[in-house]
Amino acid sequence: MLPIVLASSSPYRRALLERLDLPFNWAAPEIDETPKLGESARQLTLRLAQAKASALIHQYPQHLLIGSDQVLLLDGAAVSKPGTHQAAREQLRACSGRTLTFLTSLCLLNSQSGESQCVVEPFEVVFRTLNAERIERYLLKEQPYDCAGSFKMEGLGITLFHALHGDDPNSLIGLPLIRLCDMLIKEGVDLP
């Protein structure tokens, strides 16, 4: 089995990958994440996942490299990480009573063979109608300022949702584990 490297500095993605109980290293790829002119959100997230994995190919020439990226869409426009309490409040107000789509891309690159498996996993989140007090309570408790959409699904963010639609809720956190397991098995990785 080739060693596994997660091409990400995200603590959320590392925590998800740890759930598979496989040894792995992680490294932060340095890539330009600027969207290209005319590039759709789906194209962007897939390109970035591939670029993240490919950026580590020379550093890890006989490894399985995992790249992932995520875009959150509201009315067809990408929503970024809020960074501040005020921006998070505005994001949650905009999400209230609405359906948002997450596009989470995944690329598993075998740096020894040069072969890759890539996919974009869509996932929809239907928000409850949120009043100002509820938004404020949530933000003060969880402080999700480094999360697109201003929520942590793995925490109290679940209380903000009316429904979830998709194949793998781990996609919301940033790494579609079900699809990753399929890819790892194709690479000969023994999973429990």
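The values are calculated or read from the model by the stated rules, or taken from the named source; none is laboratory data. Because the structure is a prediction, the values reported are computed rather than measured. Positions of Cβ are generated from backbone atoms using ideal geometry, with glycine treated the same way; all protein chains shown enter the neighbour counts.
Annotations
- Those residues of region 75-101 which are in a strand (DSSP E or B) and more than 22 Å from G38 (Cβ to Cβ), in sequence order: T99, L100
- Which numbered condition A77 fails, given (1) surrounded by 14 or more Cβ atoms within 10 Å (Cβ to Cβ); (2) under 26 Å from A53 (Cα atoms); (3) out of contact with any strand residue (DSSP E or B) (no Cβ under 6 Å at 6 or more places or on another chain): (1)
- Test: residue in region 110-127 that is within 16 Å of L65 (Cα to Cα), β-branched (V, I, T) and not in a strand (DSSP E or B): no
- In the set (1) touching a strand residue (DSSP E or B) at 6+ places or on another chain (Cβ under 9 Å); (2) at pLDDT below 95, the condition left unmet by L37 is number (1).
- Filter pass, R179 being assigned to a helix (DSSP H, G or I), of a type outside the set (S, T, N, Q) and within 14 Å of A88 (Cβ to Cβ): no
- Annotation note: of G174, G149, the sole residue that is under 16 Å from the mean Cα position of the chain (by Cα), modelled with pLDDT under 95, more than 30 Å from P23 (Cβ to Cβ) and part of a loop (DSSP other than H, G, I, E, B) is G149.
Here's the yes/no breakdown for (1) assigned to a strand (DSSP E or B); (2) not hydroxyl-bearing (S, T, Y):
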{"residue": "R13", "(1), (2)": "no, yes"}
{"residue": "L16", "(1), (2)": "no, yes"}
{"residue": "T34", "(1), (2)": "no, no"}
{"residue": "L37", "(1), (2)": "no, yes"}
{"residue": "Q50", "(1), (2)": "no, yes"}
{"residue": "Y60", "(1), (2)": "no, no"}
{"residue": "L73", "(1), (2)": "yes, yes"}
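- Of all residues in region 18-32 being in a loop (DSSP other than H, G, I, E, B) and of a type in the set (A, V, I, L, M, F, W, C), the one that is farthest from the chain's Cα centre (by Cα): L22
Results for (1) without any contact (Cβ under 8 Å) to a residue 40 or more places away in the chain; (2) more than 16 Å from D182 (Cβ to Cβ), shown as yes or no for each residue.
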position	(1), (2)
D69	yes, yes
D75	yes, yes
L100	no, yes
L109	no, no
V119	no, no
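- Test result for S96, in contact with a strand residue (DSSP E or B) (Cβ under 7 Å, 6 or more places away or on another chain), hydroxyl-bearing (S, T, Y) and within 22 Å of P169 (Cα to Cα): yes
- For beta carbons closer than 8 Å, sequence separation of 6+ or different chains, a first residue in region 41-60 that is touching a residue at least 12 places away in the same chain (Cβ under 8 Å) and a second that is crowded, with 17+ Cβ neighbours inside 10 Å and part of a helix (DSSP H, G or I), there are no qualifying pairs.
- Each residue in region 142-191 was checked for being of a type in the set (K, R) and touching an Asp or Glu at 6+ places or on another chain (Cβ under 7 Å), and 2 pass.
- Identity of the residue in region 131-142, without any contact (Cβ under 8 Å) to a residue 40 or more places away in the chain and within 22 Å of Y12 (Cβ to Cβ), that ends up surrounded by the most Cβ atoms within 10 Å (Cβ to Cβ): E142
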